Every structure is written in C-alpha cells, then in structure tokens.
Amino acid sequence: MLDEVKALRSWLHERQPDGSDFLFLSQKGGRLHRSQFFRLFRRCALIACLPPTKRHPHVLKHSLATHLVASNVNLALVGHCLGHRAIGSTMKYVGVSDSQASQAAQSALMNLY
C-alpha cells in the first residue's frame, strides 16, 4: 500500500521553502481551499474524459477501495484505509459472482486434503 507519510515527506522536501504550514498552497501562497481543489479536480477529470458522474474528488476513495478489494486485501485493512468505522460500509465494494464463490469453495475444500 501507499506509504502516505513517506509520500508527504517527499513532497515537502521537493516543495520550495515558503514558511507556510499548509501542505498544498493556492496560487497566491495561502491554503488551498476545498472548493479550489474541487475545481482543479473537476478540470483534470474533464481533460481525462471521465464521465460527469465521476468528476468529483470522492471518486478517488471509491477507486482506491475497488482496487484494494480486487487485489484481495483484507477487508479490515481496506476499511481502515478508507476511514470506515463499520465493516458494512466497506462491504459495498465487494461483489462476488456465483462462479467466484464456487471456485473459492472448491479451492478451500481441496486445501483440506
């Protein structure tokens, strides 16, 4: 998984020293307001040809969850990464087909013998 602390330290090391306590700055040097970030994200999503329903920052959280689940990461860890308090919130990212369930059951039974 991504080491957020390492990534943030790397960014702060590369960023020009400016005496600011803010992680991401606006063009004027102040804090980057959430509405500014939303506009930037929406513009990048448009350039990337994302559909209108996917042009919001929260889609990053859904994308992370989907990729973690697809990589068979433990659901408790996925929920922790997403900041979920209840496992039920994480379960909405889990979709199991009949063939997947059958294959998993067969594999588990074969491991018994």
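The values are calculated or read from the model by the stated rules, or taken from the named source; none is laboratory data. Bear in mind that the values here come from a model prediction, so they are computed numbers and not experimental data. Here the Cβ is made from the backbone with ideal geometry for all residues, glycine too, and neighbour counts use every protein chain on show. Ligands, DNA and RNA are excluded from the accessible area calculation, which covers all protein heavy atoms including side chains. Shrake-Rupley method; radii C 1.70, N 1.55, O 1.52, S 1.80 Å.
Between Ser35, Ser99, Ser63, where does the largest GNM mean-square fluctuation fall for the chain, given springs only between Cα atoms within less than 10 Å?
Ser99
Excluding Ser10 itself, calculate the net charge of residues whose Cβ lies under 15 Å from the Cβ of Ser10, where each Lys or Arg counts +1 and each Asp or Glu counts -1. It would help to have the intermediate numbers written out before the result.
On the way: positive: Lys6, Arg9, Arg15; negative: Asp3, Glu4, Glu14.
It works out to a net charge of 0.
Once the piece of chain linking Arg85 and Gln100 is laid out straight, how much longer is it, given 0.36 nm per residue of separation minus the C-alpha distance between them?
Details: separation 15, 0.36 × 15 = 5.40 nm, distance 2.74 nm.
Here the answer is 2.7 nm.
If you average the sequence gap of Cα pairs under 8 Å that are 6 or more apart and divide by the length of the chain, what percent do you get for the contact order? All intermediate terms of the calculation are to be shown ahead of the outcome.
On the way: 46 pairs, mean separation 12.9, N = 113.
About 11 percent, as a whole number.
How about the range 21-82: which trypsin sites (Lys or Arg not before Pro) there are in a DSSP loop, with at most 11 other Cβ atoms within 10 Å of their Cβ?
Taking the range 21-82 and a limit of 11 other Cβ atoms within 10 Å, the loop trypsin sites (Lys or Arg not before Pro) found are Lys28.
Where only protein heavy atoms count, and the probe is 1.4 Å, what is the accessible area per residue for the chain in Å²?
Values: 9490 Å² over 113 residues.
Computed with neighbouring chains in place, this is 84 Å² per residue.
Using only DSSP helix segments of four residues or longer, with each worth -39500 (n - 2.57), what per-residue ellipticity at 222 nm results for the chain after dividing by its residue count and rounding to 500? Present the calculation step by step, with values, prior to reporting the outcome.
Numbers: 6 runs with 66 residues, N = 113.
Per the formula, -17500 deg cm²/dmol.
For the chain, which whole percent of the accessible surface, found with a 1.4 angstrom probe, sits on carbon and sulfur atoms?
On the way: 5560 of 9490 Å².
Using a 1.4 Å probe with all protein chains present, the chain comes out at 59 percent carbon and sulfur.
Just to be sure I understand the model, the point goes 7 Å from the Cα along the line to the Cβ. What's the resulting Phe38 to Leu8 distance in nm?
My value for the distance between the label points is 2.3 nm.
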